[in-house]
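*Asks:* Supplied in structure tokens, the structure appears directly below.
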Amino acid sequence: MTDTATADLSPTAARPRRGRRWVEWGVVVAVAVIVAVLVRAFLFQTFYIPSTSMYPTLAAGDRIVVSKLSYHLHSVDRGDIVVFSRPPTEHCGGPPVPDLVKRVIGLPGDTISAQDGRVDIDGKPLAEPWLPKAASTYTGTFGPMKVPAGEYFVMGDNRVDSCDSRYWGPIERTTIVGKVVLRIWPLSHIHLF
């Protein structure tokens, strides 16, 4: 009986168990990495807000979560906050970033214009409850222009400090990465959109 107990505790008997443990951990880590890559590629992605163009809704330094799946399930709606690839005609100064975040104002087929700080869609005033009270006075004057099929007119909530469709035109649907669904940073300002 003593010989059997000694054989089970020998260093050579422990090696296969230790080796098996490393293999198990390797598989767990590999699966976790694959799941993380798939989630980021097809479901959700985080982004950092580098400017004040969406202030006060989003501040510089905020971190947001974008749903990449949203617009595969439903259409883009007016008022949605979207992340999209930087348009090639965007040259508003500052360091170029690959992706921008703005709010959808005009939908395909809309005729959009602005006068006296008010945005009109098809000749009717657009209610913009997301804007701070004074921001509407900075919208400026533009249009009228018809938003082409498959494109969206986007603007920042901080109209005085936003380079948006007023300067470089509507964005194509194919450039939209996804819909902003959650602000996760700073922790004191977590917000579901």
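*Asks:* Would you check if His191 is in contact with a Leu (Cβ under 8 Å, 6 or more places away or on another chain), surrounded by fewer than 18 Cβ atoms within 10 Å (Cβ to Cβ), modelled with pLDDT under 95 and not hydrophobic (A, V, I, L, M, F, W, C)?
*Replies:* Taking the combined requirement at face value, the residue satisfies it.
*Asks:* List the strands (runs of 3 or more DSSP E) inside the stretch 138-193, counting only whole elements, that have at least 3 residues being within 15 Å of the chain's Cα centre (by Cα).
*Replies:* 176-185
*Asks:* Okay, moving on. Any chance you could count how many residues in the stretch 105-125 are at pLDDT 95 or above and either outside any strand (DSSP E or B) or farther than 17 Å from Gly140 by Cα (or both)?
*Replies:* Of the residues in the stretch 105-125, 5 are at pLDDT 95 or above and either outside any strand (DSSP E or B) or farther than 17 Å from Gly140 by Cα (or both).
*Asks:* Return the residue satisfying two criteria in turn: it lies in the stretch 42-75 and is more than 15 Å from His191 (Cα to Cα) and crowded, with 17+ Cβ neighbours inside 10 Å, and of such residues it is modelled with the lowest pLDDT.
*Replies:* This residue is Ser70.
*Asks:* I'd like to know if the stretch 50-68 contains one or more residues that are in contact with a Lys or Arg (Cβ under 7 Å, 6 or more places away or on another chain), part of a loop (DSSP other than H, G, I, E, B) and β-branched (Val, Ile, Thr).
*Replies:* no
*Asks:* Still on this structure, please answer the following. Can you tell me which residues in the stretch 126-137 are charged (D, E, K, R) and in a loop (DSSP other than H, G, I, E, B)?
*Replies:* Correct list: Glu128 only.
*Asks:* Tell me which residues, restricted to the stretch 76-91, are buried (at least 16 other Cβ atoms within 10 Å of the Cβ) and touching a Ser or Thr at 6+ places or on another chain (Cβ under 8 Å).
*Replies:* Residues satisfying the conditions are Ile81, Phe84, Pro87.
The values are calculated or read from the model by the stated rules, or taken from the named source; none is laboratory data. The shown structure was predicted, so the numbers you read here are calculated from the model rather than taken from an experiment. Positions of Cβ are generated from backbone atoms using ideal geometry, with glycine treated the same way; all protein chains shown enter the neighbour counts.
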